[in-house]
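Reviewing the structure listed below.
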Amino acid sequence: MEIGVIINNEEVTLQVSADEFLADTLRTYGMLGIRKGCDTTSCGLCTVWLDGKPTLSCSILSARVQGRKITTIEGVEKEAAEFAHILAAEGADQCGFCSPGFIMTVLAMKSELKNPTEEEIVHYLTGNLCRCTGYAGQLRAVKKYLGGSLL
Amino acid sequence: MNTVGKSLPKIDAIAIATGKPVYTDDLVMNNALVVKILRSPHAFAEIKTIDTIEAQELKGVECILTYLDVPKVRFTVAGQSYPEPSPYDRLILDKMVRYVGDAVAIVAAVDEQTAVKAMSLINIQYEVFEPVLNFETAQGHRSIVHPEDDIYSHFDFGMNKEMNIVTSHKVEVGDVEQELQNCHVVVEETYYTQAQAQAMMETYRAFNYLDHTGRLVIVSSTQIPFHVRRILSRALQIPISKIRVIKPRIGGGFGGKQTLVVEMYTAIVTLKTGKPAKIVYDRKETFSCTTSRHAMRLKVRLGADKEGFIRAVDIEGLSDTGAYGEHGPTTFAVVGDKTLPLYNKTKAVRFMGKVVYTNKMPGGALRGYGATQGTFALESAVNKLAEKLNIDPAEIRLKNLIQEGETYSINVNTILRSSSLYRCIEKGRKLISWDEKYPSRELANHKVRGVGMAVTMQGSGIANIDNASAEIRLQDDGYFSLLLGSTDMGTGSDTILAQMAAEVLDISVENIIVNAADTDVSPYDPGSYASSTTYVTGMAVVRAAEELKGKILRQGAKILEVSPEEVEFNGKEIRMIDGNKSISLKRLAELSFIGVGNLPLVGNGTFGSPISPPPFIAGFAEVEVDRETGKIDLIDYIAVVDCGTIINPNLAKIQVEGGIVQGIGMAMYEDVIYDDKGHMQTNSFMQYKIPSRKDIGRLQVAFEPSFEPTGPFGAKSIGEVVINTPAPAIAHAVYNAVGVRVTKLPITSEKVLMEMLNLKEKSMQLLNRKEWRGKECNK
């Protein structure tokens, strides 16, 4: 079937099958920053924004995003790089496979939560798994990124 | 030092973090065939008939292979230096299937849907056998997991396959039984460690194609490109020279990718069809059809004299290698190798036991590689001994642990050249306020907090086996290329190796391009495993950089028409020490690329070590346990680390934090569970729980550097040692909180609660008996 969506502010028409998930559609379309890590909506690697809200693209059917606005990490390159530099300064990028999904969640958190506490940050990010860093370095980076009273 | 010791960001950081296409599946060409594996639903069976005709006829199916289509030469998928100390007990596809998930057929089609459809059209008749599912009864079981007579081993490691025994191992120094009899106090306990999953975020994957000369080019998310090349050469029966293996960025390995897992399937498809082929394992396959940590049973006996000196250590083990023996003998040997040397006031030590086949997913390499299992057992027993001797657990270690300059208990000819473990213990004890908190503190609402500790060692590379090379080229614009065969899997090893080269050459890391790894291009390196890269490859890099520096000085002096002793190199120019004449590095480089008799300057270095210097950690845990529910919360974890000189503090710190959390997962959450037919129940992140960011408490990492004289700039390894302490330290903390000694990992709230209820019941019974006896007396 054919769907019309807005990917990173560009209107596109895509051919998708009825049982196709958005993560696969987007990767086929060339958004290779999307990774899949679990098949059970547990890991957060495939996080994109659907109408501005972080969403697991592995578990939403492509047919259901007709007319909606999708943002991938390729669409927020500047903001992603800004946080990536802070993450890298902590050494907390490590294998990097979970980073794009994690960064999409961090950027969404920044616009959604005003002056979050450490507990609120951890809660917001808890759906993004990481096996390399032990999370502590990621938290240091997020706090530096958000600045303010957390530092 | 200018560069070593600096927390530089990883050279690949921005690309990988922002989702640039640099991983295996990002690089696949569009027309690659999709390869899927049809798997056995039975834990142990023989294929009687396999009918692929209907599947072959499906439009889009390119190739279906069964055991009839593969070379009949057994090999091991263990990524180890040749000759590998693992049994050659595998075929690409076998008539016998030995665990649920074992490969039955390889299906290649134009897309995934077609391949999946084709799999459903293959008809197989099995003769199903009784599987061996309990490793404790595997030895001598009436089912023989490997009845075939063409198993081969390069070494005599005591295989007795008719008895399902892969290895019988024994190391003994002194007479353990005699010494135990002489001891004032002896403790004994049997511990069980589970089959942990590596659970790297990027599942197993590879693709391959034939190049312009007909050679097989494999792009794989692997820790072992050179071993993959050699193993495939045997498995496919084609010359090594016909295979090239390229490693792009890897999304985590943790040892899982030290085993050849998927490359043989795509490779044989491409050889049969001539077409590019790719495979990407899903998470279920990654959990249930690859390898995990070897589950083990370890019985420890420790004996001490009246003064509290540990005089005898005895560990008897049994390891479950599952259906195939990759890494079986070596992970088992490491249990003893990386625990017995810790306590060297002993008069006798012994490590012995067996590795057995079962009809479960094979064991393999996972960070810690036997040392993790051994550390849980030994350190738990040391904590028990301390209690029995009424000595503080920190004190018993300070009294008994090996110190810098002393010799090993299992090898009196080897001297420990670097260790700050005593300082690590002292520091950790302060950081957690051990003296105030040990053993426990009651809180309100039925809650109690306890502290616990453990120490550990690992190695740095494999002594007398690992041998890595590095090459550095001065390029024509004055830049340097560093060629490596080691495999950065996210750790940052490419970066820290560039830091070492930059330090020697007095340049900045930005002036170095790192190329790794490609078996056509890279100098030989076994790959990144066994905690080898910082130490082994690191020394190779230092040697290569030193050689190149010498060449730069000589070449510069020649151009300046002075003797090499009169010049120095400051990273930018070669100049006379008296400041008279100089030539820029860029000009020197340009000149080396033109004219008669000039040679581009290249430095080569190779390093292998007769020793494997151990890094050390002292780990301390504080837990809070709810007496009513058994719920355990990890409050604090403190790790104080001796990895020698720290090359990159931030990257080292993340290694520690990541390893500690993986260790916390093993200690508290992660378990592999099978049903009574041998089906793995824990094959997704829904059932197999790796720690999330809410499950880990507060981590605090500190370093107490020693200086390893044989290592690059005094460095030792960091990658594996970090996972070993959480299980014994958390078990100890739980015991100190509520008196429950969990000897079977993971330490779950359920186990703690059940045991608390048991203890309560026992004490009630005791109380009742006393009361009843009292009444009897009163009559």
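The values are calculated or read from the model by the stated rules, or taken from the named source; none is laboratory data. In this text, all values refer to a predicted model and were calculated from it rather than measured experimentally. For neighbour counting, all protein chains shown are included, and Cβ atoms are generated from backbone atoms with ideal geometry for every residue, glycine included.
Of all the residues in region B:251-307, those that are crowded, with 24+ Cβ neighbours inside 10 Å and in a loop (DSSP other than H, G, I, E, B) number 12. Here the condition is being within 12 Å of B:PHE703 (Cα to Cα) and touching a residue at least 12 places away in the same chain (Cβ under 8 Å); of B:THR645, B:THR682, it holds for B:THR645 alone.
In region A:114-133, what count of residues is obtained for those that are in a helix (DSSP H, G or I) and facing another protein chain (nearest Cβ under 7 Å)? Within region A:114-133, residues that are in a helix (DSSP H, G or I) and facing another protein chain (nearest Cβ under 7 Å) number 2. Within region B:452-468, the set of residues being farther than 14 Å from B:ALA618 by Cβ and surrounded by 24 or more Cβ atoms within 10 Å (Cβ to Cβ) comprises B:GLY459, B:SER460, B:GLY461, B:ASP466, B:ALA468. If you check B:MET159, B:MET200, B:MET163 for being of a type outside the set (D, E, K, R) and within 14 Å of another protein chain (Cβ to nearest Cβ), only one passes: B:MET200. When A:LEU45 is tested against (1) part of a loop (DSSP other than H, G, I, E, B); (2) surrounded by fewer than 20 Cβ atoms within 10 Å (Cβ to Cβ), exactly one condition is not met: (2). Exactly one residue out of B:ASN650, B:ASN604 is in contact with an Asp or Glu (Cβ under 8 Å, 6 or more places away or on another chain) and within 14 Å of chain A (Cβ to nearest Cβ): that is B:ASN650. Which of the residues spanning region B:467-504 are aliphatic (A, V, I, L, M), in a helix (DSSP H, G or I) and out of contact with any helix residue (DSSP H, G or I) (no Cβ under 6 Å at 6 or more places or on another chain)? Correct list: B:ILE496 only.
Whenever a residue of region B:15-40 is within 10 Å of chain A (Cβ to nearest Cβ), its partners that are of a type in the set (Lys, Arg), lying with C-beta atoms within less than 6 angstrom and at least six residues away or across chains, give the pairs B:ILE16/B:ARG249; B:VAL22/B:ARG249; B:TYR23/B:ARG249; B:ASP25/B:ARG205.
Among strands (runs of 3 or more DSSP E) lying entirely in region B:31-94, which contain 2 or more residues that are farther than 17 Å from B:ILE124 by Cα?
Numbers: elements: B:33-39, B:45-51, B:61-65.
Because the criterion is at least 2 residues that are farther than 17 Å from B:ILE124 by Cα, the strands (runs of 3 or more DSSP E) in region B:31-94 that meet it are B:33-39, B:61-65.
Listed here are the residues, each with its yes/no results for (1) modelled with pLDDT under 95; (2) out of contact with any Leu (no Cβ under 6 Å at 6 or more places or on another chain); (3) not in a loop (DSSP other than H, G, I, E, B).
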position: B:PRO709; (1), (2), (3): no, yes, no
position: B:PHE713; (1), (2), (3): no, yes, yes
position: B:SER717; (1), (2), (3): no, yes, no
position: B:ALA733; (1), (2), (3): no, yes, yes
position: B:GLU750; (1), (2), (3): no, yes, yes
position: B:GLU761; (1), (2), (3): yes, yes, yes
position: B:LEU766; (1), (2), (3): yes, yes, yes
position: B:ARG773; (1), (2), (3): yes, yes, yes
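Within region B:509-531, is there a residue that is within 14 Å of another protein chain (Cβ to nearest Cβ), part of a loop (DSSP other than H, G, I, E, B) and crowded, with 22+ Cβ neighbours inside 10 Å? Yes, some residue in region B:509-531 is within 14 Å of another protein chain (Cβ to nearest Cβ), part of a loop (DSSP other than H, G, I, E, B) and crowded, with 22+ Cβ neighbours inside 10 Å.
Every test in (1) touching a residue at least 40 places away in the same chain (Cβ under 8 Å); (2) of a type outside the set (Gly, Ala, Ser); (3) within 14 Å of another protein chain (Cβ to nearest Cβ); (4) surrounded by 19 or more Cβ atoms within 10 Å (Cβ to Cβ) is passed by B:ILE50 save one, and that test is (3). One residue is enough: does region B:19-26 have a residue meeting the conditions in the same structural domain as B:LEU236 (by TED's automatic domain parsing), among the polar types (S, T, N, Q) and either over 24 Å from the mean Cα position of the chain (by Cα) or not in a loop (DSSP other than H, G, I, E, B) (or both)? Checked region B:19-26: at least one residue is in the same structural domain as B:LEU236 (by TED's automatic domain parsing), among the polar types (S, T, N, Q) and either over 24 Å from the mean Cα position of the chain (by Cα) or not in a loop (DSSP other than H, G, I, E, B) (or both). Does region A:94-113 contain at least one residue that is among the hydrophobic types (A, V, I, L, M, F, W, C), facing chain B (nearest Cβ under 9 Å) and surrounded by fewer than 24 Cβ atoms within 10 Å (Cβ to Cβ)? No - not one qualifying residue is present in region A:94-113. Residues in region A:25-43 that are farther than 17 Å from B:GLU285 by Cβ and touching a residue at least 24 places away in the same chain (Cβ under 8 Å) were compared, and the one that is nearest to the other protein chains (Cβ to nearest Cβ) is A:GLY33.
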